[in-house]
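**Q** The structure's right below; bear with me while I get my questions together.
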Amino acid sequence: MNISEIKELMTQFDQSSLREFSYKTSENELVFSKNDRKVEETIGSQSDDVVENPDGDWDNASSEAPIVDAEQSKETVKQEMGDLIESPLVGVAYLSPSPTQDPFVRVGDSVKKGQTLLIIEAMKVMNEILAPRDGIITDILVANEEVVEFGKGLVSIK
């Protein structure tokens, strides 16, 4: 696979709604991701390629990227932000019961288990997203009337 083919794939991936893309052959492996995590690109038979380093101040001589333990970084985020409440379905998020009323919760609010955090409308059905436990809202990760996908972070509770 040459560099122009890789650039074309990157352009198409950028313009698509895909969140992740991987391509693998016996010689190459290429992974693209729009998710918030480190992704590696490994080119098996082309390990002699020149690696550019404009700063020239790497701690070690290895050109390999550091591998980040996904579980460890997930645990660090959980400790800093609290529990992440993810969207159980695709739909439109509403932060208040109606446009003229106050939001269900704000950052810093104390919530009780079972309290409504927001509503997701899917197929004309209003689905309440409830607090799974008592806690304090540390972050609201969606905007009012934002379209959310399955698994998208909505609210963080500590």
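**Q** I need the full set of residues from the range 1-32 which are under 20 Å from the mean Cα position of the chain (by Cα) and over 27 Å from VAL148 (Cα atoms), in order please.
**A** LEU30
**Q** So ASP134 ticks every box in (1) touching a strand residue (DSSP E or B) at 6+ places or on another chain (Cβ under 9 Å); (2) closer than 18 Å to PRO99 by Cβ; (3) not aliphatic (A, V, I, L, M) but one. Which box is left unticked?
**A** Only one criterion is unmet by ASP134, namely (2).
**Q** Turning to a different aspect of this structure: Pairs only if they're at least six apart or on different chains, beta carbon under 6 angstrom, first in the range 117-136 and outside the structural domain of VAL105 (by TED's automatic domain parsing), second loosely packed, with under 15 Cβ neighbours inside 10 Å; list them, first residue then second.
**A** Between residues of the range 117-136 that are outside the structural domain of VAL105 (by TED's automatic domain parsing) and residues that are loosely packed, with under 15 Cβ neighbours inside 10 Å, there is no close pair.
**Q** Is at least one residue of the range 1-18 in contact with a Leu (Cβ under 8 Å, 6 or more places away or on another chain) and at pLDDT below 75?
**A** There is at least one residue in the range 1-18 that is in contact with a Leu (Cβ under 8 Å, 6 or more places away or on another chain) and at pLDDT below 75.
**Q** Which residue pairs have Cβ atoms under 8 Å apart, sit 6 or more places apart or on different chains, and have a first residue in the range 89-104 that is without any contact (Cβ under 8 Å) to a residue 40 or more places away in the chain and of a type outside the set (Phe, Trp, Tyr) and a second that is surrounded by 10 or more Cβ atoms within 10 Å (Cβ to Cβ) and not in a loop (DSSP other than H, G, I, E, B)?
**A** PRO97/ILE119
**Q** So LEU89 clears everything in (1) modelled with pLDDT of 90 or more; (2) touching a Ser or Thr at 6+ places or on another chain (Cβ under 8 Å) except one condition, right? Which one?
**A** (2)
**Q** Still on this structure, I have one more. Assuming LYS78 fulfils every condition listed in (1) touching a strand residue (DSSP E or B) at 6+ places or on another chain (Cβ under 8 Å); (2) modelled with pLDDT of 55 or more; (3) among the basic types (Lys, Arg) apart from one, which condition is it?
**A** (2) is the only condition that LYS78 fails.
The values are calculated or read from the model by the stated rules, or taken from the named source; none is laboratory data. Keep in mind that this is a model prediction, so the values were computed, not measured. We place every Cβ from the backbone using ideal geometry, glycine too, and count neighbours over all the protein chains shown.
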